[in-house]
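Everything below concerns the one structure shown next.
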Protein chains: 4
Amino acid sequence: MTAAVLHGAKEIKIEPQPLPALNPGMVLLRVRRAGICGSDLHYFEHGYCAAFVPTRPFILGHEFTAEVAALADGVDSVKVGTRVTANPARSCGFCEFCKAGRPNLCRKIIMLGSASTKPPTDGAFAEFVTVRADQCHALPQEMSDELGAMIEPFAVALHAVKRAGVVSGKRVLVEGGGPIGLLVAMTARTFGAATVALSDIVASRRETAHKLGLDVTLDPSAKNLAGQVREIAGDGFDVVFEASGARPALRQAFDLVRTGGTIVQIGTLGTEDVPLPANLLMYRAINFIGSMRYGDVFDEAIRLIAANRIDLRPLITGVLPFADAGDAMRLAGDKNQAMKVQIQITKE
Amino acid sequence: MTAAVLHGAKEIKIEPQPLPALNPGMVLLRVRRAGICGSDLHYFEHGYCAAFVPTRPFILGHEFTAEVAALADGVDSVKVGTRVTANPARSCGFCEFCKAGRPNLCRKIIMLGSASTKPPTDGAFAEFVTVRADQCHALPQEMSDELGAMIEPFAVALHAVKRAGVVSGKRVLVEGGGPIGLLVAMTARTFGAATVALSDIVASRRETAHKLGLDVTLDPSAKNLAGQVREIAGDGFDVVFEASGARPALRQAFDLVRTGGTIVQIGTLGTEDVPLPANLLMYRAINFIGSMRYGDVFDEAIRLIAANRIDLRPLITGVLPFADAGDAMRLAGDKNQAMKVQIQITKE
Amino acid sequence: MTAAVLHGAKEIKIEPQPLPALNPGMVLLRVRRAGICGSDLHYFEHGYCAAFVPTRPFILGHEFTAEVAALADGVDSVKVGTRVTANPARSCGFCEFCKAGRPNLCRKIIMLGSASTKPPTDGAFAEFVTVRADQCHALPQEMSDELGAMIEPFAVALHAVKRAGVVSGKRVLVEGGGPIGLLVAMTARTFGAATVALSDIVASRRETAHKLGLDVTLDPSAKNLAGQVREIAGDGFDVVFEASGARPALRQAFDLVRTGGTIVQIGTLGTEDVPLPANLLMYRAINFIGSMRYGDVFDEAIRLIAANRIDLRPLITGVLPFADAGDAMRLAGDKNQAMKVQIQITKE
Amino acid sequence: MTAAVLHGAKEIKIEPQPLPALNPGMVLLRVRRAGICGSDLHYFEHGYCAAFVPTRPFILGHEFTAEVAALADGVDSVKVGTRVTANPARSCGFCEFCKAGRPNLCRKIIMLGSASTKPPTDGAFAEFVTVRADQCHALPQEMSDELGAMIEPFAVALHAVKRAGVVSGKRVLVEGGGPIGLLVAMTARTFGAATVALSDIVASRRETAHKLGLDVTLDPSAKNLAGQVREIAGDGFDVVFEASGARPALRQAFDLVRTGGTIVQIGTLGTEDVPLPANLLMYRAINFIGSMRYGDVFDEAIRLIAANRIDLRPLITGVLPFADAGDAMRLAGDKNQAMKVQIQITKE
């Protein structure tokens, strides 16, 4: 098969690779469309991502639409020919976290297109990829390949919103207007948040948010921020999602959240400690909640998109042919121009 | 002042009445627009409502928009001239239920326009009515009087949906296409339910639901109901709201709910016991939940309407002048023609 | 190996059986001590249990302590020689329920010692039994075999108490003084319920409850029951667990539960519908909750027993040698004499 | 009446004071026994407490047993002669927080024996004090005055444990062995936590914890702390309560809590920001929760003590006569000798 192999920083080669082995319980998928995630970009730009350093060249990609091409013996939960997306995080299914319905915390998790394992696990920027049968989630016929490849990032947002408890009827602020921040804001609106504000220090991102129909955007560095917040949310937001990964944004969340409210951390912050007002958290009874990837929300994500409860198409900047995977990475890395860039891996 | 006084079954007279006394902590409201509720109709048609038999002629009405006309000494939480709606249920504020955030369960509750107290408590089908200051909820300038008078029935639906836990992303069925059933269905959609089906045995009500944009309607007596449900919701609905008050509908809810799902009872069923599959409830781990009126959801209801998260105007059949209050009751009682009928009590 | 094989109603034979096959992922356990459950008794007395009719002679037993005797290739989560108890319900690990942390609702569940599958699945009244590796839960060295065999029934109670939400600080009633009812009552006390009352129509069962140190026992047929309840729990119990499986007990639960309170159904009731006050459930905002077997609470159960938070030994009526398995069944069936009867299958 | 009036740092005078006015809705209480809280000590030692600087001499004390001495007109929820304790925090009853069952977050709260209001609000180190009727909680006849005066600090612990979600069956660490830390640890045990460890840097406090029967104590500065934790709690504690108010203890909580676990902040930390590992909170899905005083848990606290679910007597260091209130303060301030010191204000 053909794959886009990462050989090091900025070095992606479209080259032949052996077909992945079809081990027991596994399914071979022919990838159709794949999206580029922020972590793919980190690998591409630096050759590694945070603490994850690949021990050999490997294939990125974990947001995608595919078609079931072959099944290991005995697999009967999916059928050859079915169009699916996949939960790229394969949890063990049997540890305390898996059995408690928190598979995202499983210590044995194997992530597609990631160097979190040694050797790294090949991903979906390839004609074929394998996943365990239960990782597959069938897509309805009407759902386009491009939307199928949006399910995974949507799942991140969906999980974060669930971690907040209930957002319906609440006043919500999302800090950070990147793809995940926008997805969280759109999800909060879909779930009936009464107010959804988005803050970003970059004006063009605030404009994008406006175009996506969000109620209000805020410049976190504005002098009259407190006054703006008072007008929008009275004594503060019921829920603040920190999706920027900026340390000052997290600190600011504690000033903008309402007494008794909730802050959800989604953005990656770097490993250094962040000075935070723990005393204020105590006497104002704030909940500060970490949100890590997603639980089993893929079918729910599919249902919501299929029912037109949320329209993710405006987030898709464009699609490039597989041969131009390197260009696609470069385009995705241009934060002024790009939201979600996709790659057309194979066609029908 | 002038009021519409209920003297007995079908007997409403527009007649002069003394202004209500402005006791400590209370606020005098000039009523502008009021809606007619199913319980108003019960009183009008029978002279009483369930176990509540009035001991003297009294004034109905508990869904309304009003203007603050006067304040008892020391009241400073509202201002004269402010346009408000009111939570018609005055809870004591200090019992175990009130302190636990469940004021709807307060045993000392005093309900406007109801014979649940002896003597009955006069309501809002009058030029003036009094409420305790905290019962007032200010309306935004842009919100029309007609929508202000919809807040109370919306609060019933909002509370019911909250009692279900989370409906976002879920498959929801509402049984019963009257005003409350429709409000519940619309609220579930606003809160991001992926599927919202409504069942009613009356075809015209299903048509109304369709016009309101609900995904699917079901005839509970259809022969192929099971097949229809399978197509819409697979192995059943995650949440079923029983809003019809029909005993067979409640029984059917247990067949249509998914294993591990939730049934919420909102409809009034009559006092006789209903045969229910308690063993199935056990081995399928079903939650069967009673929803009674509302907690303190009025400000949230106002926020949601003000932010256009939900549009309640299509539920309003029409408005009649105060002089025709009796006709308004008769129109409201015609279930083939009417959803929500309102009365214009006073004008600006 | 030797096993106690059920050939039909009242017909248990201790006889040679082939060793169970050690399929992939499985573990062979040498059973040491096993307890007799109510469902074992149903099979023994009638030859079947509810809708579960065995298609061949099979081996009962699903509450036990065992020693790991052999492992299928590749199994490394347990070690040969480790003393364990097992969760007898093998869920698939990958369906929507399993992934949501509700494995008890998995449709593919395979239950040891049960005819819920065709053919039936052999259980633990045998020298050897096989389970999937993740079904094993290691026991601490200090924990006796007899307590290890109590973990499974304790898990039933633990799950039921969790289904009630929080019982800590609450007023709790348990209806039914059989082993599960007593376990639920003891668990509620361990979890800090302020009041734990137990009702049973049989005086000897109320005496047993007293001996186990429960606060109060009630005779559900007592004339002054309402007065007794008022003294113990004021306006009613916050939580009522229905563990008797008696229809009148369930109906009574609705009279004894507090407004806003919770009823948990654990007892098996028979398939006929039970007339229940659904209108009262609505206006008193009652939660009626089904509790089915258990989620993944085995390690928690072991921790609680190991830490002496609960002492289950008084529930064990006695232990009989394997050769007398039939007598053990007969003793267990004598509800005046027996609580939990155990069988010594093998020794160290 | 006679009162212990704080005139400034270390200056308490037993002197005559006018009887407090009995305003509408209020109750006059004759104080019998009162306890000394950490905040009382702060006022005594510095003349102020954190940001709260008294504008005139005032009376401390908010943990006490009293007898109802007189009622304002119309008060009928308590009776003269009833022995009570009081919730010293008078919330407004009508704001969004009060109506949501979170009265501790009410912005209009008036706290007995505190300079959080201007002028300060007199407290219970006096023969008489007034509270609103609903602040009174009747004590059972069998409960001693000394235990009645422990209800308020117990309420702090009870609320903190509730904020953690469920502790039953969980592995719990409490950081800080002062009165509140010990109360939290004892409450967690009462609520069925499987493991309750207490850490304190002071050896004598660890000894006290041992005497109170806690499972394990830890020295947070021990070199082999990680090893000790592994033995007690495996991969970490499910819940960590930070009750020491020490910044390093809070930081350490993030290392000792399990993935997916919860940290509850109860200790007062000072206003400076604390460097915290927000990135770790995110990828390990930690909940960091502030706990502020208490909601309406007083009746529950009384029930738990009355039912002997928890024994708070070992926490009471001793009682001094009213004339020696100053000595009582000095004794309470000696952290090596004292836990809870009480004052006998009046007798029967």
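At-a-glance table
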| read-out | value |
| --- | --- |
| In region A:320-329, the residues that are outside any helix (DSSP H, G or I) and surrounded by fewer than 18 Cβ atoms within 10 Å (Cβ to Cβ) | A:321 |
| Odd one out for residue D:332 among (1) within 27 Å of residue D:250 (Cα to Cα); (2) surrounded by 19 or more Cβ atoms within 10 Å (Cβ to Cβ); (3) within 14 Å of another protein chain (Cβ to nearest Cβ) | (3) |
| Members of region C:39-70 found to be under 26 Å from residue C:83 (Cβ atoms) and either among the charged types (D, E, K, R) or out of contact with any strand residue (DSSP E or B) (no Cβ under 8 Å at 6 or more places or on another chain) (or both), listed by number | C:40, C:63, C:67 |
| Verdict on residue A:261 being more than 7 Å from every other protein chain (Cβ to nearest Cβ), buried (at least 20 other Cβ atoms within 10 Å of the Cβ) and modelled with pLDDT under 95 | no |
| Within region A:59-168, strands (runs of 3 or more DSSP E) holding 3 or more residues that are out of contact with any Pro (no Cβ under 9 Å at 6 or more places or on another chain) | A:63-71, A:83-86, A:136-138 |
| Residue satisfying all of: in region C:267-282; within 7 Å of chain B (Cβ to nearest Cβ) and closer than 18 Å to residue C:156 by Cα; least open to solvent (accessible area, probe 1.4 Å) among these | C:269 |
| Test: residue in region B:48-71 that is of a type in the set (S, T, N, Q), open to solvent by 40 Å² or more (accessible area, probe 1.4 Å) and within 14 Å of another protein chain (Cβ to nearest Cβ) | no |
| Residue check, residue C:346 open to solvent by 40 Å² or more (accessible area, probe 1.4 Å), outside any helix (DSSP H, G or I) and β-branched (Val, Ile, Thr) | no |
| Selection count where residues are within 23 Å of residue D:257 (Cα to Cα) and open to solvent by less than 10 Å² (accessible area, probe 1.4 Å), scope region D:283-312 | 5 |
| Given (1) more than 19 Å from the chain's Cα centre (by Cα); (2) not assigned by TED's automatic domain parsing to the domain that holds residue B:42, number of the condition residue B:326 does not satisfy | (2) |
| Test for residue D:221: is it at pLDDT 95 or above and either on the phi > 0 side of the Ramachandran plot or away from chain A (no Cβ under 14 Å) (or both) | yes |
| Any chance residue D:175 is within 25 Å of residue A:287 (Cβ to Cβ), under 17 Å from the mean Cα position of the chain (by Cα) and of a type in the set (D, E, K, R) | yes |
| Selection within region A:283-319 - farther than 28 Å from residue A:344 by Cβ and either more than 14 Å from chain C (Cβ to nearest Cβ) or of a type in the set (Lys, Arg) (or both) | A:283, A:284, A:285, A:286, A:287, A:288, A:289, A:290, A:291, A:292 |
| Members of region A:220-262 found to be among the aromatic types (Phe, Trp, Tyr) and closer than 8 Å to residue A:175 by Cβ, listed by number | A:241 |
| Qualifying residue in region C:83-90 (condition: without any contact (Cβ under 8 Å) to a residue 60 or more places away in the chain and within 12 Å of chain A (Cβ to nearest Cβ)) | yes |
| Unique residue being of a type outside the set (Val, Ile, Thr), closer than 19 Å to residue B:250 by Cα and crowded, with 24+ Cβ neighbours inside 10 Å when the list is B:194, B:149, B:164 | B:164 |
| Subset of region B:101-120 [more than 14 Å from every other protein chain (Cβ to nearest Cβ) and surrounded by fewer than 20 Cβ atoms within 10 Å (Cβ to Cβ)] | B:110, B:117, B:118, B:119 |
| Flag for residue B:126 being under 30 Å from residue B:334 (Cα atoms), of a type in the set (A, V, I, L, M, F, W, C) and away from chain D (no Cβ under 14 Å) | yes |
| Scope region D:133-158; condition more than 10 Å from the chain's Cα centre (by Cα) and within 14 Å of chain B (Cβ to nearest Cβ); matching residues | D:133, D:134, D:135, D:136, D:137, D:138 |
| First in region B:130-143 and touching a residue at least 40 places away in the same chain (Cβ under 8 Å) and in the same structural domain as residue B:110 (by TED's automatic domain parsing), second anywhere and open to solvent by less than 30 Å² (accessible area, probe 1.4 Å) and of a type in the set (Phe, Trp, Tyr), Cβ under 7 Å, 6 or more apart | B:137/B:298 |
| Scan of region C:230-258 for residues that are within 20 Å of residue B:96 (Cα to Cα), in contact with a strand residue (DSSP E or B) (Cβ under 6 Å, 6 or more places away or on another chain), open to solvent by 10 Å² or more (accessible area, probe 1.4 Å) and within 12 Å of chain B (Cβ to nearest Cβ), ordered by number | C:235, C:238, C:258 |
| Residue match in region A:15-31 (condition: assigned by TED's automatic domain parsing to the domain that holds residue A:115, open to solvent by less than 20 Å² (accessible area, probe 1.4 Å) and closer than 18 Å to residue A:332 by Cβ) | yes |
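So that you can scan it fast, the table gives a plain yes or no per residue for (1) in the same structural domain as residue C:197 (by TED's automatic domain parsing); (2) in contact with a Lys or Arg (Cβ under 9 Å, 6 or more places away or on another chain); (3) not charged (D, E, K, R):
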| position | (1), (2), (3) |
| --- | --- |
| C:245 | yes, no, yes |
| C:248 | yes, no, yes |
| C:258 | yes, yes, no |
| C:264 | yes, yes, yes |
| C:268 | yes, no, yes |
| C:271 | yes, no, yes |
| C:276 | yes, yes, yes |
| C:302 | no, no, yes |
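The values are calculated or read from the model by the stated rules, or taken from the named source; none is laboratory data. Bear in mind the structure is a predicted one, so any value in this text is a computation, not a measurement. FYI the Cβ positions are ideal-geometry reconstructions off the backbone, even for glycines, and counts take in every protein chain you see. Only protein heavy atoms, including side chains, enter the accessible area calculation; ligands, DNA and RNA are left aside. Shrake-Rupley method; radii C 1.70, N 1.55, O 1.52, S 1.80 Å.
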